[in-house]
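Presented below is the structure to which this report refers.
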Amino acid sequence: MFSRSYKTAVTVPPLAWVALFLLVPYLLMFCYSFWSVSPAQTIVRSWNLENYKELLHKSVYWETLLRSIWIAARVMLLSLLLGYPLAYFLSFYAGKRKDLLYQMVIIPLWVSYLVRAYAWKTILGSDGVLNTLLQYVHLTSQPLDFLLYSPFAVVLTLTHIYTPFTVLPIYASLEHIPRNLVEASHDLGATPTQTFWKVIFPLSIPGVVAGATFAFVLSLGDFLAPLLLGGPSGIMISNIVVSLFGAAYNWPLGAAISLGMLVIVVSLLFASERLEKKWSFG
Amino acid sequence: MATQTSSITATAGTPALKATLLSIRNVAKSFGRNVVLRDVSLEIAEGEFLTILGESGSGKTTLLRIVAGFERATSGQIWMGSEQLDPQPPYRRRVNTVFQNYALFPHLNVEQNVAYGLRAAKRPSAEIQQRVAEALDKVKMTAHANKKPSKISGGQQQRVALARALVNRPRLLLLDEPLSALDANLRRQMQVELKSLQREVGISFVFVTHDQEEAMVMSDRIALLRSGELEQVATPREIYTRPATAYVAQFIGHTNLLRAQVRNGLAVSGTLTWPVSVPDGPTLFSLRPENIRLTTDATSNNAVRVPGRILQQAFQGATELVRAQCSDGLVLVVRTASGKLTQEEVCLEFSPADAIPVRESPERN
C-alpha cells in the first residue's frame with residue numbers, strides 16, 4: 001500500500017528520537033549506577049555494586065522511598081475519590097453541559113504546573129489565604145503551621161494537579177459502557193445502587209486502573225511539589241536524586257536510585273496493563 | 001418437527017378470549033417537537049403473543065420502552081391489572097425485556113447473566129441455582145454456562161437473553177426486534193422456537209418487529225403502527241384478508257389498490273365494473289394478487305373479467321408474480337402457480353368479494 005521509502009521516512013525519525021533521547025540516556029544511567037566517585041570528586045569507571053549496597057543499608061534512602069510511595073498512594077486514592085464521582089456525573093448526568101464541563105476538567109492542565117504549585121503556597125502559607133480566613137472567623141487564634149511545608153501540602157497539591165489525569169480515563173471507560181446494559185440491569189429488577197456496583201463499576205475498572213496508575217506514577221516521580229511545599233518532612237525520593245546529581249555530585253548513586261525507581265514504575269505499568277486487559281471485554 | 005406443526009396451528013387457530021393483562025390507554029409521546037406516538041390504546045391479554053409491527057420510525061420501539069419504563073409517556077397511562085404501571089421505575093415492574101442486541105453483561109458469564117435478576121431480588125441461593133439451571137436447560141445452554149457472552153454465537157446470546165428474562169417469571173415479556181441480528185435460516189428457526197417457548201411458559205409476549213412475515217408466523221395478534229398511530233389491530237389472518245387501510249394492505253403482503261367510484265352498488269375503475277355493498281362515493285379497494293386468475297376463456301359467471309397483456313414475470317419458487325396490463329392501461333400484479341406462460345394476451349378475472357374496500361392512509365409527519 002505504501003512504498004518502502006515512505007515507510008522508512010515515517011518510522012525512522014521517531015525511532016531515532018526514542019533511541020537517542022531515551023535508550024541511550026537509560027543505558028548511560030545503567031552504566032553510571034555501577035561506577036563510583038573518587039575522593040577527588042571524579043567518576044571512576046570501575047564496575048562494582050557499592051551504590052546498590054548503600055541504597056539498601058542507608059535508611060534515609062529507602063525511608064524516603066517509602067514515604068514517596070505513601071504520598072503517591074494517598075494522592076492516588078484521593079484523586080480516585082474525587083475523580084470517579086466527577087467522571088460518573090459527567091458521563092451519566094451532565095446532559096447538555098457535558099462538553100462544557102469536560103473542557104473545565106481539561107483547562108487546568110493548560111496552566112503551568114509551577115503556577116499551580118505556587119498558588120497552593122499562597123493559599124497554605126502562615127499568612128496565606130486559608131490561615132487569614134481561619135483567624136478572621138476566629139476558628140484559630142494563630143496560623144496553623146502544619147498546612148505548608150508538610151507531606152499534607154504535597155499530597156494536597158499533587159491531588160489537585162493529577163486529579164484530571166484520573167478523571168479522563170475513568171470518564172472514557174464510563175462512556176464506553178453501552179447504556180442498554182444499564183437499562184437491562186434496571187429491567188431485571190436491580191435498583192440504581194445495585195446497578196452501579198454490579199454493572200457500571202466493574203465495567204469502569206480499566207479506567208480506574210489507568211487513572212490510578214497515572215496518579216501514582218506521576219506523583220511518585222514528582223520533585224517540584226515537595227521542593228516548593230514539602231519542607232524537610234515532605235522530601236521525596238526525586239529530591240534526593242536531584243541533589244545527588246547536583247550539589248552532592250554523586251551521579252553513580254543518583255543513577256542507582258533512578259534505576260530502582262524505574263524498575264518499580266515499569267513493573268507497576270505492566271501490572272496495571274494486565275489488570276486493564278483482565279477487566280476489558282470485547 | 002413437532003415445534004413446526006404447533007406453530008402452524010397456533011397461527012391458524014383464533015386465540016381464546018382471556019383476561020386483559022396490560023392496558024395501554026391513550027399513550028402519546030413526543031421528544032421536543034418530534035411527535036413519536038399519538039394516542040395509542042392497546043390491550044394485551046394473558047398468555048397472548050402480540051406483535052407490534054411497523055417501519056423504522058413508526059414509534060414501535062418507543063412504545064415498548066414506555067411499557068418497560070425506560071421512557072415516560074407524555075400523556076396517557078399504562079395499567080397492569082389494577083396497578084398503574086407508568087409511575088413505577090423499571091426495576092419495580094414485573095416486566096422483562098429482551099433487547100435488540102441482547103445487552104448481555106460482558107463481565108459476567110452465561111450463568112451469572114441468567115442469575116442476575118434473581119440475585120438482585122435477593123432470592124435464596126439454592127433457589128437461584130435451581131431456577132437458573134432450569135432456565136438454561138430450557139434454552140439448551142447448559143453446556144455453555146461458564147462462558148462469557150463474547151465467546152458464544154449470536155443465536156446462543158439470543159437464547160441466554162431469553163433465559164435471563166424468563167427466569168424472573170415476569171407477567172409480560174417484551175422483545176425488541178430480537179431476531180434482527182440473526183441470519184435468515186437461524187431467524188426462521190428461532191421464530192418457531194420462540195413461539196413454542198411462549199406457549200410452553202404461557203407468559204404474554206409483546207414482540208416488536210419491522211418484518212411482516214415474522215409477525216405473521218408468530219403472532220396471535222398484530223398491532224400495525226404507522227407514524228405513531230395504530231392502523232389496525234387484528235389476527236394475522238384478519239389483517240391479511242381484511243386490511244382496514246390502504247397502508248395495511250400494502251405493508252402486509254402484496255396488493256393491488258384500485259381507485260374506484262361507487263354509484264348505486266356498482267364500483268367503477270377504468271373499464272372494470274363490479275358489484276359492491278358500500279356507500280356511494282370514491283372508494284379504494286385492495287385486491288390481493290392471488291385473488292386474480294389468468295384465464296384464456298370465460299369460466300365462472302359472476303367474476304369480473306378484463307383482457308390484458310403480460311408485461312413481466314418474477315419467479316418466486318412455488319409461485320410467480322406476474323405484472324399484467326389491462327386494456328385501459330391499469331397494471332395489476334397477479335400471483336400464479338409457477339410455470340411458463342405461453343401467451344402474452346390473457347384474460348384477468350377476480351370475484352367481486354375479493355376486492356376489499358380500504359380506508360385511505362393520508363400522509364402524516
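The values are calculated or read from the model by the stated rules, or taken from the named source; none is laboratory data. As the structure is a computational prediction, the values presented were derived from the model and not from experiment. Virtual Cβ from ideal backbone geometry, glycine too; neighbours counted across all protein chains shown.
Some points to look at:
- Of everything listed in (1) within 28 Å of the chain's Cα centre (by Cα); (2) crowded, with 18+ Cβ neighbours inside 10 Å; (3) not in a loop (DSSP other than H, G, I, E, B), the single unmet condition for A:TYR149 is (3).
- Residue match in the range B:162-185 (condition: facing chain A (nearest Cβ under 10 Å), surrounded by fewer than 21 Cβ atoms within 10 Å (Cβ to Cβ) and at negative phi): no
- Candidate set from the range A:184-220 (those that are within 7 Å of chain B (Cβ to nearest Cβ) and of a type outside the set (Gly, Ala, Ser)); member that is surrounded by the fewest Cβ atoms within 10 Å (Cβ to Cβ): A:THR191
- From B:VAL208, B:VAL167, residue being within 29 Å of B:GLU238 (Cα to Cα) and hydrophobic (A, V, I, L, M, F, W, C): B:VAL208
- Flag for A:TRP70 being assigned to a helix (DSSP H, G or I) and modelled with pLDDT under 90: no
- Filter pass, A:PHE165 being among the aromatic types (Phe, Trp, Tyr) and without any contact (Cβ under 8 Å) to a residue 60 or more places away in the chain: no
- Residue that is surrounded by the fewest Cβ atoms within 10 Å (Cβ to Cβ) [pool: residues in the range B:306-365 that are at pLDDT 85 or above and charged (D, E, K, R)]: B:GLU360
- Any chance A:SER233 is touching a residue at least 12 places away in the same chain (Cβ under 8 Å), surrounded by fewer than 21 Cβ atoms within 10 Å (Cβ to Cβ) and assigned to a helix (DSSP H, G or I): yes
- Single residue of B:LYS140, B:LYS151 found to be surrounded by fewer than 18 Cβ atoms within 10 Å (Cβ to Cβ) and at the interface with chain A (Cβ under 10 Å from one of its Cβ atoms): B:LYS151
- Scanning the range A:165-183 for residues that are within 11 Å of chain B (Cβ to nearest Cβ) and among the β-branched types (Val, Ile, Thr) yields A:ILE177, A:VAL182.
- Entry remark, the range A:239-282: residues being out of contact with any helix residue (DSSP H, G or I) (no Cβ under 6 Å at 6 or more places or on another chain), under 24 Å from A:ALA40 (Cα atoms) and either of a type outside the set (A, V, I, L, M, F, W, C) or part of a loop (DSSP other than H, G, I, E, B) (or both) number 5 in total.
- Every residue from the range B:89-101 that is crowded, with 21+ Cβ neighbours inside 10 Å, more than 7 Å from chain A (Cβ to nearest Cβ) and assigned to a loop (DSSP other than H, G, I, E, B): B:ARG93
- Considering only residues in the range B:102-137 that are of a type in the set (Lys, Arg) and assigned to a loop (DSSP other than H, G, I, E, B), the one that is surrounded by the most Cβ atoms within 10 Å (Cβ to Cβ) turns out to be B:ARG123.
- Selection from the range B:257-273 of residues that are closer than 16 Å to B:SER327 by Cβ, out of contact with any Cys (no Cβ under 9 Å at 6 or more places or on another chain) and in contact (Cβ under 8 Å) with a residue 40 or more places away in the chain: B:LEU258, B:SER269
- Restricting B:GLY81, B:GLY76 to residues that are away from chain A (no Cβ under 12 Å), in contact (Cβ under 8 Å) with a residue 40 or more places away in the chain, surrounded by fewer than 17 Cβ atoms within 10 Å (Cβ to Cβ) and small (Gly, Ala, Ser) narrows the list to B:GLY81.
- Flag if A:LEU90 is touching a Phe, Trp or Tyr at 6+ places or on another chain (Cβ under 6 Å) and of a type outside the set (Gly, Ala, Ser): yes
- A single entry from B:VAL248, B:VAL217, B:VAL262 fulfils the requirement of being surrounded by 19 or more Cβ atoms within 10 Å (Cβ to Cβ), more than 20 Å from B:GLU360 (Cα to Cα) and among the aliphatic types (A, V, I, L, M): B:VAL217.
- For B:ARG131, the stated conditions do not hold, so it cannot be described as within 13 Å of another protein chain (Cβ to nearest Cβ), over 30 Å from B:ALA184 (Cβ atoms) and in contact with a helix residue (DSSP H, G or I) (Cβ under 9 Å, 6 or more places away or on another chain).
- Condition check for A:LEU188: touching a Lys or Arg at 6+ places or on another chain (Cβ under 9 Å) and within 30 Å of A:PHE152 (Cα to Cα): no
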